[in-house]
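Data first, discussion second: the structure below is written as structure tokens.
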Amino acid sequence: MADDIRRVVVLGAGTMGAAIAAHAANAGLAVDLLDLAPTEATPEESAKGLSAADRAVRDRIVRAGFERMKAARPAALASPSLAARITLGNFEDDFDRVAQADWVVEAIVERLEPKQELMARVEKAAKPDAVVTSNTSGIPLAQIAEGRSPDFRRRFLGAHFFNPPRYLKLVELIPTADTDEEVAEAVRQLVERVLGKGAVIAKDTPNFIANRIGSFAGMQGLRYALANDYTIEEVDALTGPLVGRPKTASFRLFDQVGIDVMVGVADNLYHLAPDDESREELSAPAPVRRMIEAGQLGIKSGAGFYRRDRRDGRTVFDVVDLYTLEYRSARDPDLPIVAAARERRDLGERLRFLLDRADDDRGARYVRDTMLPTLAYAARRVPEIADSLVEVDRAMEWGFGQAAGPFRTWDMIGVRDGVERMDALGLEVAAWVHEFLDAGNESFYRDGSVYSPVSRAYEPVRTDPDAVDLAALKAGGGRLRGNDSASLVDLGDGVLCFEIHSPASAVDAGVIQLGYEALAELEQGDWQGLVVANQAANFCVGANLGEVGMAAYQGAYDQVKEAARSLQELLAGFRFAPRPVVAVPHGQTLGAGAEICLHADRIVASLESYVGLVETAVGLIPAGGGCKELVRRLVSPAMRVPEAPPLPFVQRVFETIALAKVATSAVEARELGYLAEGDRIVLNPDHLLAEAKWEVLELAPGYKPPPREASVFAAGLPTLAALELGVRTQQWGGNASEHDGVVATRLARVLCGGELSAPQWVSEEHVLELEREAFVELLRTEKTMERIQAMLTTRKPLRN
């Protein structure tokens, strides 16, 4: 059924509705976005001669929401070009489009009556088999469906996306008592396989799972901080990566989401959950309500708990005084416990260390006195909000970016030890947890199963059949060989995986060494093909700049040139391998990472792949075959057309590399030429390896490597002269520095095949040699070394 959903209509073009429409467009669905039709023209519209009967007026609200979505940062659309997949309209003129939709998404104002009225209209207009979902963040779904027919209620449920929908993994699915199980499963499949999200099943209770627990944790932590005089800086230092949370920590998260939104969600829960034993903890303290009244709402209003400013040429962050609402300079918190805890790399060890120090240390005490109440609260909410502990953990991990949800966290600190600590603090522990311990159990998760408070037994953890876990494969004996930087892993079915796991996923000597071993294994072994992939935060951030800079600093230019040759030959080995090679980029795929992909037979990319050849940012040019490959891919095919001028095509490649353009998605990577039309984009990152393996198996029968021939078009001096003139023009206009011109000129010569008197076809090795020579020449310059040093020390490019 999920495969039958091709067209979606989103009702409501507010922040969430427009963003959901955008992500449906990212997934390749045809989208109609509708909203209310204004009843009268604005004075500005009237001055233009428009009335309420004109389409420009009637679509004003939907158009405004659509334009806000297009301007959103981070971008809701994977490429501006995808906006063409969204057709706008209004509820009065275009409601008949609901009849064409396979999936109807309601995302209007969070009030019950308007939602009920809209559902009555949807029931009359929608196809008999259309799925209908509501994106409500807390209104009971059964109430929204009140008065609708049994057939409508059968195909109606909640599908609560987290904002921003493109980036956050969580979608809470909330079936009602009337929802057909097959419909709920079809929506789960749609969410996971088409939209690339992670679905959890929540019960139809106030605020569902993530916002139920998140509201308690946020407000309880805020109230505790105020009651015990913790500063904003202290709390954020204690509640970020130190305890397995994102860098936004607590107060930065409030600012990012919107203080009014966070308080509104908690207030909604306060009113809808009168029987919650911890209800009073949900009420926002008076200073925060004063901030909302003053318009200090967070990032969207320009100031919240933090305010960004510039002083003395630097960006600085001020923090609010919660009593005066005035801002002061942020200060580094005096919390020695943070540094001590960071020495423990394992999260569980870190948390246990902090709990052990809580009686004696103020910072550790904040962690204990906010974390343990949240764990206890989560246990008291099961099975009220969900039957499975996994659903609760995944909701918090996927919705709030936590490294471990409450029950995985509890396992890390020890369930029995956690209960003893809770008892000491006077916290109420759920009865089922005591029964769990009395039965001799010690951890909620065990051997691929999880304890169920409903059945009082361990049950298998639901796994995604399309997800491949490299760590689990290696733990099960799938690692064939490896070093500190890379591994060769058997993916099964004759598919070999070359995994890069060096620090920051950079290409270093260990990666290159094992890459050659991968080629030898592919040549000698009984393999169908090779997948180049990992499951780190990023696919590959490029070559190890520290190694390159140190070698240049020591004057070892021959060593640098040989390292470049070694990388080039490795990637050429991938390109001409006897078996197909599939690259699987995700996250940052920069420099050598992009070059790896360019040499593969096929790319299976995560939608969130940020691909670019960025070497010019440090005063260098790509020297792993990146220049050669973009010319071969983008210039050479065009030059097979008689009389085609080379300059526009070479200019495109030149600008892409010279400006260090980085695609903000795999869709943009395709538009820049890093992905070909035959390459695939996968929205669910958990499915990347399975899809890449499938591609290898599809390519393997009858596979033949490409022929070694003069496949690169060298445009020569005429085009080179035009590019160099463009560089000088940029310098004359003050848009490029002298050294920018040096780098750009070296790049232009490589892209044109050197100073050839006339255009001609050349071998790949011809361009590779030019890459190596230009790379070393630039390393010999003082200003390139300054740029490298700046990048290594500040992580920011230097313009010199």
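Quick rundown of the values:
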{"item": "Segment 476-506: number of residues that are part of a strand (DSSP E or B), of a type outside the set (A, V, I, L, M) and open to solvent by 60 Å² or more (accessible area, probe 1.4 Å)", "result": "2"}
{"item": "Residue in segment 683-701 that is touching a helix residue (DSSP H, G or I) at 6+ places or on another chain (Cβ under 9 Å) and among the basic types (Lys, Arg) present", "result": "no"}
{"item": "Among residues of segment 541-578, those that are buried (at least 21 other Cβ atoms within 10 Å of the Cβ) and either touching a Cys at 6+ places or on another chain (Cβ under 8 Å) or on the phi > 0 side of the Ramachandran plot (or both), counted", "result": "1"}
{"item": "Residue in segment 410-423 that is in contact with a Lys or Arg (Cβ under 6 Å, 6 or more places away or on another chain), at pLDDT 95 or above and closer than 30 Å to residue 166 by Cα present", "result": "no"}
{"item": "Any chance residue 421 is of a type in the set (D, E, K, R), outside any strand (DSSP E or B) and either over 24 Å from residue 394 (Cβ atoms) or in contact with a Leu (Cβ under 8 Å, 6 or more places away or on another chain) (or both)", "result": "yes"}
{"item": "Hey, residue 613 in contact with a strand residue (DSSP E or B) (Cβ under 9 Å, 6 or more places away or on another chain), open to solvent by less than 10 Å² (accessible area, probe 1.4 Å) and farther than 13 Å from residue 675 by Cβ or not", "result": "yes"}
{"item": "Among the candidates 39, 133, residue that is out of contact with any helix residue (DSSP H, G or I) (no Cβ under 7 Å at 6 or more places or on another chain) and β-branched (Val, Ile, Thr)", "result": "39"}
{"item": "Residue among 640, 602, 652 that alone is in contact with a helix residue (DSSP H, G or I) (Cβ under 7 Å, 6 or more places away or on another chain), of a type outside the set (S, T, N, Q) and surrounded by fewer than 19 Cβ atoms within 10 Å (Cβ to Cβ)", "result": "652"}
{"item": "Candidates 50, 88 - the one that is touching a Phe, Trp or Tyr at 6+ places or on another chain (Cβ under 7 Å) and either surrounded by fewer than 23 Cβ atoms within 10 Å (Cβ to Cβ) or farther than 22 Å from residue 157 by Cα (or both)", "result": "88"}
{"item": "Single residue of 13, 22, 2, 64 found to be at pLDDT 95 or above and within 21 Å of residue 684 (Cβ to Cβ)", "result": "22"}
{"item": "Restricting segment 401-440 to residues that are of a type outside the set (D, E, K, R), surrounded by fewer than 17 Cβ atoms within 10 Å (Cβ to Cβ) and free of Cβ contacts under 8 Å to residues at least 40 places away in the same chain, the residue that is nearest to residue 380 (Cα to Cα)", "result": "431"}
{"item": "Lone qualifier among 197, 247, 203, 169 - being over 27 Å from residue 75 (Cα atoms) and charged (D, E, K, R)", "result": "203"}
{"item": "Residue satisfying all of: in segment 441-475; part of a strand (DSSP E or B) and touching a helix residue (DSSP H, G or I) at 6+ places or on another chain (Cβ under 7 Å); surrounded by the fewest Cβ atoms within 10 Å (Cβ to Cβ) among these", "result": "445"}
{"item": "Matching residues, segment 292-346, being within 26 Å of the chain's Cα centre (by Cα) and of a type in the set (Phe, Trp, Tyr)", "result": "305, 306, 317"}
{"item": "Which listed residue is open to solvent by less than 50 Å² (accessible area, probe 1.4 Å) and in contact with a Pro (Cβ under 8 Å, 6 or more places away or on another chain), from 78, 72", "result": "72"}
{"item": "Given (1) under 22 Å from residue 191 (Cβ atoms); (2) modelled with pLDDT under 95; (3) of a type in the set (Val, Ile, Thr), index of the condition residue 31 fails", "result": "(2)"}
{"item": "Filter pass, residue 101 being over 22 Å from residue 137 (Cβ atoms), open to solvent by less than 30 Å² (accessible area, probe 1.4 Å) and at pLDDT 95 or above", "result": "yes"}
{"item": "Count of segment 2-47 residues which are surrounded by fewer than 20 Cβ atoms within 10 Å (Cβ to Cβ) and either acidic (Asp, Glu) or on the phi > 0 side of the Ramachandran plot (or both)", "result": "6"}
{"item": "Candidates 202, 266, filtered to the one that is at pLDDT below 95 and either farther than 30 Å from residue 295 by Cβ or open to solvent by less than 50 Å² (accessible area, probe 1.4 Å) (or both)", "result": "266"}
{"item": "Among the residues listed as 395, 386, 424, 404, the single one being under 21 Å from residue 354 (Cα atoms), in contact with a helix residue (DSSP H, G or I) (Cβ under 9 Å, 6 or more places away or on another chain) and of a type outside the set (Val, Ile, Thr)", "result": "404"}
{"item": "Per-region count, segment 244-263, residues over 29 Å from residue 111 (Cβ atoms), open to solvent by 20 Å² or more (accessible area, probe 1.4 Å) and assigned to a helix (DSSP H, G or I)", "result": "1"}
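Conditions (1) in a loop (DSSP other than H, G, I, E, B); (2) open to solvent by less than 10 Å² (accessible area, probe 1.4 Å); (3) closer than 19 Å to residue 7 by Cβ, marked per residue:
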{"position": "115", "(1), (2), (3)": "no, yes, no"}
{"position": "129", "(1), (2), (3)": "yes, no, yes"}
{"position": "132", "(1), (2), (3)": "no, yes, yes"}
{"position": "158", "(1), (2), (3)": "no, yes, no"}
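The values are calculated or read from the model by the stated rules, or taken from the named source; none is laboratory data. Keep in mind that this is a model prediction, so the values were computed, not measured. Counting neighbours? That spans all protein chains shown, and the Cβs are built from the backbone with ideal geometry, glycine included. Note: accessible area is taken over every heavy atom of the protein model, side chains too, but ligands, DNA and RNA are not part of it. Shrake-Rupley method; radii C 1.70, N 1.55, O 1.52, S 1.80 Å.
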